[in-house]
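Here is the structure we will look at.
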Amino acid sequence: MLYMILGTLASDSGARREAARPEHLDRLRALQDEGRLVLAGPCPAVDSPDPGPAGYSASLIVAEFPSLIAARAWASEDPYTRAAVYEDVAVRPFRQVLP
């Protein structure tokens, strides 16, 4: 089953985000290599593909996990979670309709 992980970034997380980003991306690439990643990316804080100094407000991941418990466990071990880049993490079942 698919699950959506939405991590809301803490307002002061810029430096922590940059430090944790390589390990965060490695975990996402592992999901991709396993064929479990549907999409992942940041949400710009402003209406622009390049938010500049405004930065990002959240990150969205949609991936396959065996259960909600497994998705929550994976999210809790994310480098962004451990480094307090996220001030909140929501994990919910997701049903892909399109494409």
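Go through the range 11-38 and count every residue that is among the hydrophobic types (A, V, I, L, M, F, W, C), over 20 Å from W74 (Cβ atoms) and touching a residue at least 40 places away in the same chain (Cβ under 8 Å).
So in the range 11-38, the residues among the hydrophobic types (A, V, I, L, M, F, W, C) come out as 15, 19-20, 25, 28, 30-31, 37-38.
Of the ones still in play, those that are also over 20 Å from W74 (Cβ atoms) are 15, 19.
Narrowing further to those that are touching a residue at least 40 places away in the same chain (Cβ under 8 Å): 19.
Counting residues in the range 11-38 that are among the hydrophobic types (A, V, I, L, M, F, W, C), over 20 Å from W74 (Cβ atoms) and touching a residue at least 40 places away in the same chain (Cβ under 8 Å) gives 1.
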Which one is farthest from M1 (Cα to Cα), of the residues in the range 43-65 that are touching a residue at least 24 places away in the same chain (Cβ under 8 Å) and not hydroxyl-bearing (S, T, Y)? G55
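Each reported figure results from applying straightforward, stated rules to the coordinates on display, with no laboratory input. Predicted, not measured: the structure shown is a model, and the values here were computed from it. Here the Cβ is made from the backbone with ideal geometry for all residues, glycine too, and neighbour counts use every protein chain on show.
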